[in-house]
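To start, the structure itself, in structure tokens.
The values are calculated or read from the model by the stated rules, or taken from the named source; none is laboratory data. Since we're looking at a predicted model, the values are computed, not measured. Here the Cβ positions follow ideal geometry from the backbone for every residue, glycine too, while neighbour counts run over all protein chains shown.
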Amino acid sequence: MNMGTRNRTALMILALVVVSASGAHAQSDDDSNGAVQFNFSTPGARSLGLGGAFLGSVDDATAAYSNPAGLLQLSEPEAMVEFRQWSYSTPFASRGRFSGTATGFGADDLSTIEFDTSDEDLEDISYASFVYPRQNWAIAFYYHQAAKFRSQFQTAGIFTRTSRLFPVQSSYDLDISQVGVSFAHKWGGFAVGYGASIYSLELDSLTQRFRTSSSFAAVDFDNDLRINYQTQTGESEELGYLVGLRWDSSVNSKTSIGLVYRFGPEFDIDVASAAGMPSSQSPMGEPAVFNLPDVLGLGFTFRPSPALTVSFDIDQVRYSQMVEDFFIIFRGDSTDPEDFVIDDVTEYHFGVEYVFANNVIPVALRVGGWWDPDHRLRFEGSSDANQARLFKGEDELHYSAGLGLVITSKFQIDLAADFSENADTAAVSAIYRF
Amino acid sequence: MSQASFLRNAPENMRQRILAGSIVLVLAFTSNVQPVLAQTWQECFAEGIKARDQGRWKDAEDWLRRAINKNPQATGEKVRVYGMKFERYIPYFYLGLALFHQGDCRNALTNFDRSRNEGAVGIGGRSTMKGPEKKCREKLGITPSPPPPPPPPSGPTRRSGGIRGNPPPPPPPPNRRNIRPRVKPSLPPPPAPGGQNPTTTFKPTPQPTRSNRRTRVQPPPPSPPTTPQRGRGTPRAQPPPPSPPVKVIDARREILGKKAQEVQEALRRAGEWAGRLDRHLDRTRHAAFRQDPELQKRYEAAYRKLNSARTRLHAGEREGDLQAVVKAGSQAEEARRELEKLAQELGLGS
């Protein structure tokens with residue numbers, strides 16, 4: 001078998017792996033699951049400044065997670081660490097009326113829904129890696145924060161045509177991190193990369209519902225008025241995988257293309273719903289699954305001049321995996337699980353980098369943007385109550401900008417920020433070459 | 001069920017997987033594209049630096065020679081290697097390092113000298129150069145050179161040209177002052193006839209010196225002056241030597257040196273054609289290769305032959321192997337013929 005045939009055979013196997021990737025199971029219809037945010041963007045402040053358009057370039061230590069095939073571009077061992085701050089504004093329906101006409105009595109004084117946001121600022125080491133490259137292969141070890149999300153909100157009890165939802169007090173705390181190893185090697189005209197990682201999930205959510213003294217009365221979140229509560233908890237570790245390809249133009253290396261598929265794992269969690277107050281005697285939860293969506297990414301990078309780089313990525317995030325075999329959290333609820341929907345989304349990322357290489361300290365300026373379609377959990381059945389709890393969100397456009405400073409030939413620092421309606425991210429990362 | 005309706009009726013997830021698999025398959029069927037052949041001088045230089053980082057000194061030498069062929073001016077400007085890793089364009093310095101690590105001290109020193117004279121090495125490499133240079137001088141028994149004059153504040157370190165999009169300047173005439181190395185008294189002088197090729201190796205012809213006799217060739221045990229030994233190939237018309245064994249070696253070296261000089265000249269001519277072709281290809285964005293892949297293969301083959309001739313010449317000089325030097329000469333001639341032919345086919349004149 002010659003080299004070309006071997007390459008084709010191996011790549012066909014890779015294609016079959018991608019095609020036959022299995023689906024996964026779901027989370028529940030708890031109110032707090034409406035708008036969970038993940039950190040699927042490629043790590044590194046350089047990438048963030050480019051609007052996450054980095055799958056074609058992947059020419060630094062972030063390749064270990066972004067697209068391991070890019071590791072082959074490095075010629076020196078490289079270590080990297082990134083610190084990110086996330087500011088989430090998670091919208092929720094706080095009060096008002098979903099359907100019917102407002103009566104004007106007490107709290108029923110709005111004919112539409114009034115939205116509010118849960119604002120949370122979080123920060124953490126979001127990425128760290130070490131790459132050891134050789135001529136035809138490279139290995140990397142990395143840590144990545146795949147999700148760090150919090151939300152807390154209280155609703156005043158939304159009115160529908162025939163009833164009023166119980167006012168809700170909810171908190172949600174999700175941490176998903178991973179430690180992994182990636183490997184890359186040459187394969188004919190391609191660079192090919194693989195990776196495996198251990199994901200760790202920590203989930204803790206509590207949603208409590210309260211009754212009001214009358215149908216139209218104002219809300220009082222008093223323990224005595226508590227009706228029921230729902231919890232989602234989990235601490236588990238699972239394996240995840242990723243495969244990537246990278247190709248440079250054969251005429252010159254001005255154009256490069258990267259392709260990556262990341263398989264998200266399924267985590268075991270416990271889901272419970274009970275009357276009264278949560279306590280140590282709370283009922284055992286029922287087993288459910290939290291599925292981290294798979295991501296397919298395709299990136300193009302074009303370098304019209306040595307100083308200028310233009311990148312474009314298309315990422316498909318398979319959020320629909322989160323609602324396969326959906327778990328209805330309220331016992332006895334006959335709602336069809338198929339009515340709970342999250343769409344798969346296609347994100348478009350675009351970024352431009354210009355480098356002033358001949359400064360005493362070379363400086364890179366970056367701008368970018370990306371299209372982040374709505375991926376809220378929503379209800380598409382006929383129940384007003386569920387529609388009011390889990391509603392469709394809005395697509396968002398993110399803008400980003402960044403700066404890179406090559407302090408010495410061995411050390412660089414990058415800074416970037418990404419802004420959108422509901423999530424802002426700031427990052428600083430440092431790279432050291434040995 | 002037709003294929004189209006199968007796709008329409010397939011679950012969304014399956015459609016997405018089919019799409020992903022199709023992309024991989026398309027790439028799979030195009031994977032017979034050969035590895036990237038870097039074309040611009042920046043790309044050649046970057047590949048040379050990557051090879052240096054990984055200690056692949058022979059590869060580093062080849063890539064750096066390519067970069068020098070395409071842009072002989074050590075401009076000192078920063079070139080992106082990958083990501084945010086930049087290196088100053090001081091190819092003679094890095095070429096010297098690559099040669100040093102391959103044991104070719106003579107040519108390493110020549111390139112260090114050239115780099116110093118270009119001025120750009122002062123920006124980033126002088127301290128790094130000291131160690132290898134000192135070792136080479138010790139190895140060759142050459143007395144340390146006086147400290148180099150400080151580079152001029154605005155001199156050759158920031159020369160214009162060589163930026164992508166602008167073709168690099170044509171190779172200067174052989175004896176142009178700014179590219180001729182200041183040969184130190186302790187170093188062998190460059191060959192006079194034809195001058196040096198500024199776009200290629202800039203290697204001095206190996207002249208026999210006291211130092212290289214001492215370090216490279218073990219003279220046979222001294223014989224009585226009345227019974228001189230004569231080596232094969234020694235010209236018979238030589239006057240009787242006062243110290244015969246050394247003189248025999250001198251004669252051998254002289255022949256080797258003359259032959260090497262001829263090969264250098266052949267390499268210079270081939271290098272000129274290569275440079276002319278490279279500049280044309282850079283200007284036309286390699287349109288000729290896109291139109292005729294066969295042309296690209298011939299070009300690459302000639303280039304490989306040229307590099308092989310250089311390597312063989314170095315080895316021949318190092319080992320004192322006349323056959324290798326002769327073979328290098330014929331390779332250089334073949335490479336020149338092929339490059340000249342290619343240039344004429346592309347309408348670059350004679």
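Restricting to region A:198-224, name every residue that is within 30 Å of A:Ser177 (Cβ to Cβ) and touching a Ser or Thr at 6+ places or on another chain (Cβ under 9 Å). Correct list: A:Tyr199, A:Ser200, A:Leu201, A:Glu202, A:Leu203, A:Asp204, A:Ser205, A:Leu206, A:Thr207, A:Gln208.
Results for (1) among the small types (Gly, Ala, Ser); (2) over 29 Å from A:Val295 (Cα atoms); (3) buried (at least 17 other Cβ atoms within 10 Å of the Cβ), shown as yes or no for each residue.
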position: A:Phe92; (1), (2), (3): no, no, yes
position: A:Ser99; (1), (2), (3): yes, yes, no
position: A:Thr103; (1), (2), (3): no, yes, no
position: A:Ser111; (1), (2), (3): yes, yes, no
position: A:Glu123; (1), (2), (3): no, no, no
position: A:Arg150; (1), (2), (3): no, no, yes
position: A:Gln154; (1), (2), (3): no, yes, yes
position: A:Gly157; (1), (2), (3): yes, yes, yes
position: A:Ile176; (1), (2), (3): no, no, yes
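Taken together, B:Ala51, B:Ala20 contain a single residue that is part of a helix (DSSP H, G or I), at pLDDT 90 or above, surrounded by fewer than 24 Cβ atoms within 10 Å (Cβ to Cβ) and within 12 Å of another protein chain (Cβ to nearest Cβ), which is B:Ala51. The set of residues in region B:42-72 being in contact (Cβ under 8 Å) with a residue 60 or more places away in the chain and farther than 17 Å from B:Gln102 by Cβ consists of B:Gln42, B:Asn69, B:Lys70, B:Asn71, B:Pro72.
Can you confirm whether B:Lys58 is more than 7 Å from every other protein chain (Cβ to nearest Cβ) and either at pLDDT 60 or above or out of contact with any His (no Cβ under 7 Å at 6 or more places or on another chain) (or both)? Yes, satisfied. Here B:Ser308 fulfils each of the conditions (1) under 15 Å from B:Leu267 (Cα atoms); (2) at pLDDT below 80; (3) among the polar types (S, T, N, Q) apart from (2). The residues on offer are B:Leu339, B:Leu348, B:Leu313, and the sole one that is surrounded by fewer than 22 Cβ atoms within 10 Å (Cβ to Cβ) and either of a type in the set (Asp, Glu) or touching a helix residue (DSSP H, G or I) at 6+ places or on another chain (Cβ under 8 Å) (or both) is B:Leu348. Of the residues examined, A:Asp116 is one that is crowded, with 16+ Cβ neighbours inside 10 Å and either charged (D, E, K, R) or within 14 Å of chain B (Cβ to nearest Cβ) (or both).
Going by the structure shown, is A:Ser383 in contact (Cβ under 8 Å) with a residue 40 or more places away in the chain, away from every other protein chain (no Cβ under 11 Å), touching an Asp or Glu at 6+ places or on another chain (Cβ under 7 Å) and among the small types (Gly, Ala, Ser)?
Against the criterion (in contact (Cβ under 8 Å) with a residue 40 or more places away in the chain, away from every other protein chain (no Cβ under 11 Å), touching an Asp or Glu at 6+ places or on another chain (Cβ under 7 Å) and among the small types (Gly, Ala, Ser)), A:Ser383 does not qualify.
A count restricted to region A:320-376 and to residues that are among the polar types (S, T, N, Q), surrounded by fewer than 19 Cβ atoms within 10 Å (Cβ to Cβ) and free of Cβ contacts under 8 Å to residues at least 60 places away in the same chain stands at 4. Would you confirm whether or not region A:276-290 contains a residue that is within 21 Å of A:Gln73 (Cβ to Cβ), surrounded by 16 or more Cβ atoms within 10 Å (Cβ to Cβ) and of a type in the set (Phe, Trp, Tyr)? No, region A:276-290 contains no residue that is within 21 Å of A:Gln73 (Cβ to Cβ), surrounded by 16 or more Cβ atoms within 10 Å (Cβ to Cβ) and of a type in the set (Phe, Trp, Tyr). Anything in region A:413-434 that is within 18 Å of A:Leu122 (Cβ to Cβ) and of a type in the set (Ser, Thr, Tyr)? List them, or say none. Listed by number, the residues that qualify are A:Ser420, A:Thr425, A:Ser429.
Can you find even one residue in region B:94-106 that is buried (at least 24 other Cβ atoms within 10 Å of the Cβ), modelled with pLDDT of 90 or more, in contact with a helix residue (DSSP H, G or I) (Cβ under 9 Å, 6 or more places away or on another chain) and of a type in the set (Ser, Thr, Tyr)? Among the residues of region B:94-106, at least one is buried (at least 24 other Cβ atoms within 10 Å of the Cβ), modelled with pLDDT of 90 or more, in contact with a helix residue (DSSP H, G or I) (Cβ under 9 Å, 6 or more places away or on another chain) and of a type in the set (Ser, Thr, Tyr), which makes the answer yes.
Restricting attention to region A:60-83, the residues that are among the aromatic types (Phe, Trp, Tyr) and either surrounded by 24 or more Cβ atoms within 10 Å (Cβ to Cβ) or in contact with a Gly (Cβ under 8 Å, 6 or more places away or on another chain) (or both) total 1. Restricting A:Ser75, A:Ser66, A:Ser28 to residues that are of a type in the set (Ser, Thr, Tyr) and more than 21 Å from A:Tyr199 (Cβ to Cβ) narrows the list to A:Ser75.
If you go through region A:63-107 and keep only what is part of a loop (DSSP other than H, G, I, E, B) and within 14 Å of chain B (Cβ to nearest Cβ), you end up with A:Asn67, A:Leu74, A:Ser75, A:Glu76, A:Pro77.
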